[in-house]
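The values are calculated or read from the model by the stated rules, or taken from the named source; none is laboratory data. What you see is a predicted model, and the numbers here were worked out from it, not measured in a lab. Cβ atoms come from the backbone with ideal geometry, glycine included; neighbour counts cover every protein chain shown. Just so you know, the surface numbers come from the protein's heavy atoms only, side chains and all, with ligands and any DNA or RNA stripped out. Shrake-Rupley method; radii C 1.70, N 1.55, O 1.52, S 1.80 Å.
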Amino acid sequence: FVIYRELADTTNSEIGANARFQMANILMERDSFKAAELAVFDLVNLVPSYPNWTAKGLILLADIYMATDDLFQAKATLMSIIDNYQGEDELLKLAQANLKRIEEIEAALNQVEEQEEEIDLGSGEENYDHLFEAEAEEEEDFE
C-alpha cells in the first residue's frame, strides 16, 4: 500500500492512475469503504485523466456502493459508464453485467416487499365466537 501511495503522490501519469486504483481496491478489500470511495474520487479527478483507469475506478465505486447497500448510487454510477465510456469493451461488459446484477437484486427485493404487502386480514365480518367457547365453559364450571 505504501508503494502505491508514493507513486500516487509523485506522479499524475498512467502509473499514478494505476496506483490510485490499486489503493482504492485495497481499501475496499479491507472494508474501509469511505476511504476507498475517496481514493476513487482522487483517481477520477486526476488531471490528465486516463479513461480506462477512470472506468475501472467507477466500476469499483459501484462495488463500494453495493457493499454499503446504496443500490441507487451503484446503479447510477454504472449507467454513467455504460452511457459515456468509449474504451475497452471488457470494461463496458463488466459494467453491464454489474448493472444486470443490481437489477436482479432490486427485482428480488421488490418481490419480497410485494409478498409482505399481501397479508390477508379477512373481510372483517368473520365470526370469532368459537374462540371464546372454551372460556365460557370454564366460567360455567366455576359457577
Hydrodynamic calc, the range 63-113: Kirkwood Rh from Cα pairs, then Stokes-Einstein at 25 °C with viscosity 0.890 mPa s, so D in µm² s⁻¹ is 216
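Whole-Å semi-axes of the range 1-124's equivalent ellipsoid, largest first, each the root of 5 times a Cα gyration tensor eigenvalue?
Equivalent ellipsoid semi-axes, largest first: 37, 16, 9 Å.
Mind listing which chymotrypsin sites (Phe, Trp or Tyr not before Pro) in the range 46-76 are in a DSSP loop and have 13 or fewer other Cβ atoms within 10 Å?
Values: sites: Trp53, Tyr65, Phe72; in loops: none.
Those that pass, being in a loop and sparsely packed, number zero.
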Debye log10 I(q)/I(0) for the range 39-97, one point scatterer per Cα, at q = 0.25, 0.26, 0.28 Å⁻¹:
-1.02, -1.08, -1.20
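Taking only protein heavy atoms into account and a 1.4 Å probe, give the accessible area per residue of the range 30-100 in Å². Before the final figure, lay out each step's value.
Numbers: 3940 Å² over 71 residues.
Spelled out: the 1.4 Å probe surface of the range 30-100, per residue, equals 56 Å².
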Taking all protein chains in place and a 1.4 Å probe, what share, in percent, of the accessible surface of the range 1-114 do carbon and sulfur account for?
53
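Any idea what the alpha-carbon Rg over 2.2 N^0.38 Å comes to for the range 24-73?
Values: Rg = 10.4 Å, N = 50, 2.2 N^0.38 = 9.7 Å.
After normalising by residue count via 2.2 N^0.38 Å, the value is 1.07.
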